[in-house]
Each structure stands twice: as structure tokens, then as C-alpha cells.
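Before any comments, here is the structure.
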Amino acid sequence: MSNKPIGVFENQSVDLTDLDGQQLFRQVNLVGLESLLRDCPSLKLREGAALIEPGQANHVMYLVLVGSLHVYDDDPKGEPLAVVQAGECVGLMSLIDQLPCHVRIVAKQACRLLVIDEERFLALMNSSNAIARNVLSMVMQYLRGKNPGAPERGRLQQRLENNSNIDPVTGLYNQRWLDGVLERQIMRAATDRKPLSVLAIAVEGFSEFKKEFGDELADHALAVVGQVIAANVRPTDMLARHGSNHFIAVLPETDIPGAAVVAARIRETVAQTAIEIPGACRLPPLNVATGQVQMKAFVAARKLVDDAIDALRTRQSAKPLLAAAG
């Protein structure tokens, strides 16, 4: 039995507007993920073609862009167990557990699917907290759907969104999450006697940018800056949005000189990144200011964040004086 779907692969670049709001990318800022999604192939299936067959190994996940799929226990002539509509994903569980598939999935009509391999799937989850949250929701829906008393589709997703620690504008963690994680990091640093630094980052001229371009473009620009910052900290660092135009990075096992290196890298990279509006326009880069502090004694999380913001404001206040002196 062939383990390849009967269809035609295409290597054309994916249009990000086709992905916006779909199951995997719900509340996700896609601009920062363009490099990961650009080379994803798409698969065209004719009506009745089998995408997955029982016993087949599967190492990719499919996102249905056009059309729909029928899921059968085995015989495709009977009633389908489920219907996978445009915007939904298939193949997630077999990608995760690496076990042979136990269902047959057939194109109900001509379909076009986005093909996401394992490496790219993991990279997307590491790059976006919102994608990781959506994957968790899909896994939980699948597991709960195997029980007779499973809640109706979508209720779990709504509950997760309502109780989320994710900032909907940037896709980063929010202040609520930051308070909890920073308290734990302070306790760990004090117990292990290792350095802990907090970096405050502010988008400069954000109010003026918002007045000139409007709320929607301002939110988009803030999301771009957030993704740039996220790409320039370590996987072990923690990043959250704080207030309207601030970000806070928690840097475990990092002293002040180390935090200064991170801050300089972030300032330089943000200043070199244009604000791309897909299919619309390209705006000039924004700039960010930074301030960092190192925990010297056991303190409350809010106090450490306030100290970092004070350091940021001190640095901003010193700029005009340094410019005048120069």
C-alpha cells in the first residue's frame, strides 16, 4: 500500500492572508512567521483521493486551505466519522505520537492543503506562544472527543482564550503571566545564588506613530517589534508585553553586562526591521529604548519590574543631555 497521498505538490509561496484566523493560526501575528511559512508546499487532491490510509506512517500535518476531507474508520463508502473543513488541521495526532494512522482520510471534493513537516511544526510552536496554545487546544479537543461526554466543538477554545495568559495583540505573554513567572524566577535565583536580570523595553514615539497611522497599524507594528525582540533572546529567557508600549524580558543566570549585550542586540535589530504590511505597504523601522537591572536581594516581582522601568526612563532622560554634550 502506498504511503504517499495521491495528489500534486506545489512549491508556490503561501499567502499569509489565507492563513489568518484559521485553526492553527487563531490570534497569531503571522508577519513574524513569514520566513517559516514561505517555503511550505501545498498539496492538491482530486475528489475521492486518499490523503491518509490505515497503517500509514505520517510525519506531517495538513491545514485545509480549500475544500474538505472525510474521515472514515476504514470503509469510505459508509458514513464518515468526521468532516475536516477548510481552516482545520488533520494529521496532528499521528505527527505527535509517531504511530501508524488508524483512519482513512479522503478528499470530499477537490482540495488544497498546506503541508507542514515536523521540523517546521516544532519551529512554529517555538516561535509563537499563540500557536503552541492552539495546538494544545486541538490535542485536548481530540482527546476529549474520544469520550461520549465531550463538550461541543469550540467551547474549549473559547475557555482557553478567555482565561489566557497571552496578549492578543502581540501573541506574547501578558502582565498576568509575567507576575507569576517572575516570582518563581526570583525564588529560584535566590535559592541557587545565581544572577537574575530584568530588561525593560519601550517603543519610542509610539503615541505619535499611533496618531499618524491609526490603532490597527500601531497594533501591527507593536506585534512586529515583539516578534523581533522574541527572536533576539534565548529560549530560556521569558518575554511579556507590559503596558501599552513596553515589553519586559526576564533573563535568568544573567548579570548586568550580559543584559546590556542583549539590550544592544535588540535595539540594533529593531532599528533595522521595517514594518511590513502584507499586500499593502512598508513602513520605516521603529526604535526601542532599554533599561536593565540585576536582582541584588530578594524582592517582589513588581518591584524588580519597576526598577527596570526606572532604569529605562533614566536612560531616556539622559539621551538629550548626551546629544547636547556631543
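Coordinate-derived values only; no laboratory data. Small disclaimer: the values here were computed from a predicted structure and weren't measured. Neighbour counts are summed over all protein chains in view; Cβ atoms, including those assigned to glycine, are modelled from backbone coordinates with ideal geometry.
Sorting Thr290, Thr17 on the 10 Å Cβ count, fewest up front, what's the list?
Values: Thr290 24, Thr17 10.
Arranged by neighbour count, lowest to highest, Thr290, Thr17 become Thr17, Thr290.
Neighbour counts of C-beta atoms inside 10 Å place Ile116, Ile186, Ile256, Ile201 in the sequence Ile256, Ile186, Ile116, Ile201, starting with the fewest.
For segment 58-102 versus segment 215-255, the spacing of their alpha-carbon centroids is 36 Å. Among Asp73, Asp237, sorting on how many other beta-carbon atoms sit within 10 Å of each Cβ, with the fewest leading, yields Asp73, Asp237.
Counting only residues at least eight positions apart within a chain, or on another chain, the aspartates and glutamates with an alpha carbon under 18 Å from that of Lys210 are Asp219, Glu276. Evaluate E = 1/(1 + (r/R0)^6) for Met140 and Glu79, where r is the Cβ-Cβ distance and R0 equals 30 Å; express this FRET efficiency to the nearest 0.05. E between Met140 and Glu79, to the nearest 0.05, is 0.75.
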